[in-house]
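Quick note: the coordinates plus some simple rules give every number you see, no bench work behind them. Nothing here was measured: the structure is a model prediction, and the numbers come from that model. Positions of Cβ are generated from backbone atoms using ideal geometry, with glycine treated the same way; all protein chains shown enter the neighbour counts.
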Amino acid sequence: MLRFDPFSDVDALTRGLMTGSMTGTQRTPRFMPLDLYKVDDHYMLVADLPGADPGSIDISVDNGTLTLSAQRSAPSDEGVQWLSSERFAGTYRRQLSLGEGIDTSRITADYDNGVLTLTIPLAERAKPRKIEVEAKGRPEQIEAHAQ
C-alpha cells in the first residue's frame with residue numbers, strides 16, 4: 001500500500017529556497033520557515049512571520065494549492081543613517097500542494113506573537129475507518145435425495 005503525503009514538496013521547496021538563486025538580501029525575506037505535522041485527523045502548519053502585519057496575511061486555496069503570503073514593512077530610510085540592518089522586510093510567500101483528502105472548507109488560521117498556525121482537517125472520506133462485517137447466519141444444509 002502506498003502512502004500519499006499531501007505535503008511532500010515542503011522539504012524540496014525549502015531546500016530550493018535556501019540553496020537556489022532566491023537567497024534573498026539583508027532587507028528581503030529569504031523564506032517563510034514552517035513546521036508541518038499530523039495530529040489525529042488533521043494537519044498542523046506553523047509558520048514564523050515575525051513582525052508581519054496581521055492585515056497583510058493572505059491565505060488561499062486554489063486547485064489543491066495552499067498559498068500563504070504576508071507583508072513586513074521596512075522602516076523609512078528617510079533621514080536614517082543605518083548602523084546595522086539585519087531584519088528582513090518585504091513579502092513572505094509559500095505554496096504547498098494539498099492532497100485530495102483535505103477538507104479545504106474547514107481550514108482555520110490563527111496569528112499570535114508572530115506565529116501563523118493553520119489547522120488543516122482531513123476530509124471525512126480520507127479518515128481511516130473500520131468496516132464492520134455482517135454475519136448472515138449459518139449456512140443451511142441442503143439435502144438431496146436420489147430418485
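Efficiency by 1/(1 + (r/R0)^6): what FRET value for GLU100 and SER56, r their Cβ-Cβ distance, R0 = 35 Å, to the nearest 0.05?
E between GLU100 and SER56, to the nearest 0.05, is 0.70.
Determine, for ILE131, ILE59, the number of other Cβ atoms within 10 Å of each Cβ, and report the residues in order from fewest to most.
So the residues, fewest neighbours to most, are ILE131, ILE59.
Could you list the chymotrypsin sites (Phe, Trp or Tyr not before Pro) in segment 48-147 that lie in coil according to DSSP, counting only those with at most 13 other Cβ atoms within 10 Å of their Cβ?
The qualifying sites are TRP82.
I'd like to know which of LEU83, LEU45, SER56 lies farthest towards the positive end of the charge dipole of segment 27-96, counting +1 on Cβ of Lys and Arg and -1 on Cβ of Asp and Glu.
Value computed over the given set: LEU83.
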